[in-house]
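Here is the structure we will look at, set down as structure tokens.
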Amino acid sequence: MAPALRVASFDLAAGFLLTEGIVPAPDGTLWVALLGAYRLLRIHPDPQPAFESVELPDSASRPRRLAVDADGVVWYTDYP
């Protein structure tokens, strides 16, 4: 059974003007840093594209660069 997933769709042009990079994860999802929104965006491409907004632990975070390791752990750096 697949784990429960909370999916939200939104207009990227309206809410997230400062996207930074895109990185693939081992499970086939894509991750995007949303500098202007203080969160990450996870894109599930199959079977239909779905977007998941992931809130960061620190509301002052400004994620910029991302990396995903072999276990699927997402690492990010903050923009000063």
Checklist line | Hits in the range 54-80 - residues which are over 18 Å from Leu18 (Cα atoms) and either open to solvent by less than 70 Å² (accessible area, probe 1.4 Å) or in contact with a Cys (Cβ under 9 Å, 6 or more places away or on another chain) (or both) | finding: Val68, Asp69, Gly72, Val73, Val74
Next item on the list: Return the total of residues in the range 37-52 being of a type outside the set (D, E, K, R) and open to solvent by less than 40 Å² (accessible area, probe 1.4 Å).
Entry: 6
Check: Can we say Val32 is modelled with pLDDT of 90 or more, of a type in the set (A, V, I, L, M, F, W, C) and surrounded by 11 or more Cβ atoms within 10 Å (Cβ to Cβ)?
Finding: yes
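The values are calculated or read from the model by the stated rules, or taken from the named source; none is laboratory data. All values reported here derive from a predicted model rather than from experimental measurement. Neighbour counts are summed over all protein chains in view; Cβ atoms, including those assigned to glycine, are modelled from backbone coordinates with ideal geometry. These area figures cover heavy atoms from the full protein model, side chains too; ligands, DNA and RNA do not enter into them. Shrake-Rupley method; radii C 1.70, N 1.55, O 1.52, S 1.80 Å.
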